[in-house]
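The structure appears below as structure tokens.
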Amino acid sequence: MNEGVEWALHSCLNLAWIGPERAVTAARLAAYHELPAAYLNKQLQALSRAGIVSSVSGPKGGFRLARPLDRITLMDVVAAIEGPEEAFRCSEIRQQGPGAGPPGSYAAECAIAGAMGAAELAWRRELAARTLDDVRRRAELQAPAAPERIRHWFANV
């Protein structure tokens, strides 16, 4: 998973704490964590295409959440950034090289592909079961001052 997923998740939480009344530019969101603005902007555009954030034009433009955190799953963000493809792709190397059997002798699913597929399904289900609101609550328990600190930082632009 690329670092853009982490960046996108933090940006969504920051936008939630900033509040729906204010759009924030990609450059400003990037500056908060000292990230490259152009790369974060690509992640935000992907979130926008997925309907997770909305883009606002104009001098007070930027990004804001398009829906409440309790309606955004971790899987929504991962799929927006990484795409819907499976993480593991079996290329059937067991059918190559000196150990390969005759054509058609591998009708059953590869045991490795089966195990990886089951693990990915469990991982995707877990991500789909957790919302950004779940993450927000945990983050606020770990760092109760974070929301106010973030609102203050973004308000002093």
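The values are calculated or read from the model by the stated rules, or taken from the named source; none is laboratory data. Since we're looking at a predicted model, the values are computed, not measured. All Cβ positions, even for glycine, are placed from backbone atoms using ideal geometry, and neighbour counts span all protein chains on display. Each accessible area value is taken on the protein alone, full model and side chains, heavy atoms only, with ligands, DNA and RNA left out. Shrake-Rupley method; radii C 1.70, N 1.55, O 1.52, S 1.80 Å.
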- prompt: Counting only residues that are more than 25 Å from the chain's Cα centre (by Cα) and within 30 Å of Leu74 (Cα to Cα), which one in segment 86-113 is surrounded by the most Cβ atoms within 10 Å (Cβ to Cβ)?
  reply: Cys110
- prompt: Can you name the residue in segment 1-37 that is within 23 Å of Met75 (Cα to Cα) and acidic (Asp, Glu) and is also nearest to the chain's Cα centre (by Cα) among such residues?
  reply: Glu6
- prompt: Does Leu47 satisfy being closer than 24 Å to Trp7 by Cβ and touching a Lys or Arg at 6+ places or on another chain (Cβ under 6 Å)?
  reply: no
statement: If we keep only residues of segment 140-157 that are under 21 Å from the mean Cα position of the chain (by Cα) and under 18 Å from Leu29 (Cα atoms), then the residue surrounded by the fewest Cβ atoms within 10 Å (Cβ to Cβ) is Ala146
statement: Scanning segment 10-34 residue by residue, the ones that are of a type in the set (A, V, I, L, M, F, W, C), open to solvent by less than 10 Å² (accessible area, probe 1.4 Å) and closer than 16 Å to Ala139 by Cβ total 2
- request: Output yes when any residue across segment 38-57 is over 16 Å from the mean Cα position of the chain (by Cα), open to solvent by 40 Å² or more (accessible area, probe 1.4 Å) and on the phi > 0 side of the Ramachandran plot, and no when none is.
  value: no
statement: Here the residues within segment 50-109 that are modelled with pLDDT under 85 and in contact with a Leu (Cβ under 7 Å, 6 or more places away or on another chain) are none
query: Can Val24 be described as in contact with a strand residue (DSSP E or B) (Cβ under 7 Å, 6 or more places away or on another chain), closer than 13 Å to Ala80 by Cβ and of a type in the set (Val, Ile, Thr)?
result: no
statement: Within segment 69-86, of all residues that are assigned to a loop (DSSP other than H, G, I, E, B) and without any contact (Cβ under 8 Å) to a residue 40 or more places away in the chain, the one nearest to Glu3 (Cα to Cα) is Gly83
query: Which condition number in (1) in contact (Cβ under 8 Å) with a residue 12 or more places away in the chain; (2) outside any strand (DSSP E or B); (3) of a type outside the set (Gly, Ala, Ser) is the one that Phe63 fails?
result: (2)
- prompt: Got at least one residue in segment 91-100 being in contact (Cβ under 8 Å) with a residue 24 or more places away in the chain and either among the charged types (D, E, K, R) or at negative phi (or both)?
  reply: no
